[in-house]
Every structure is written in structure tokens, then in C-alpha cells.
Amino acid sequence: MSHRINVLVNDDVWESLQKLPKGERSRFINQAVDERFLREKRENAMAEMDSLRRQLPPLNSDIDVLETLRQDRTR
């Protein structure tokens, strides 16, 4: 389902959109907005992972990694 909205764009964006065929403008804008939302979603997920990673104890050797995995498996 499609929805119509009114959006204000600056002159540079307007001129660039005018170069696209009329049938392509909505598709182009929709794809650009979709890509932006996806990028922000990924950035937020990475930030959350970094935050969780900072809460973990530092692992100094392969033995620490194995011990941490063993403890995690017993939960």
C-alpha cells in the first residue's frame, strides 16, 4: 500500500530529483529512506553490542576464552 506525503526538500535535492523520470522519483526516494532506516538500525545494533561487550571481563588468553565458554554452556 502506498501513502502520499508532502515533504520539503532543499534546492539541490529538488534539482536532482527533476533529472529523474517522473515514474522513478517516488521509487528513488522510497529506496533512499529505506536504506537510511536500515543503516540507522544497524548502527544502533552495533552500539548496543559494543555496550554489552564493555560489560564483559577482558579475555587475556585462549584459556580464558575456553573457560568463559564452558561457564556459559552450564547456564
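Across region 44-58, the qualifying residues are those that are of a type in the set (Gly, Ala, Ser) and over 10 Å from the mean Cα position of the chain (by Cα), and the one among them that is farthest from ASP72 (Cα to Cα) is ALA47.
Selection within region 1-25: residues that are modelled with pLDDT under 95 and among the small types (Gly, Ala, Ser). The member of this set that is farthest from the chain's Cα centre (by Cα) is GLY23. For region 2-40, the tally of residues that are surrounded by 10 or more Cβ atoms within 10 Å (Cβ to Cβ) and of a type in the set (D, E, K, R) stands at 9.
The values are calculated or read from the model by the stated rules, or taken from the named source; none is laboratory data. Since the model is a prediction, treat every value here as computed from it, not as a measurement. Backbone-built Cβ (ideal geometry, glycine too); neighbour counts: all protein chains shown.
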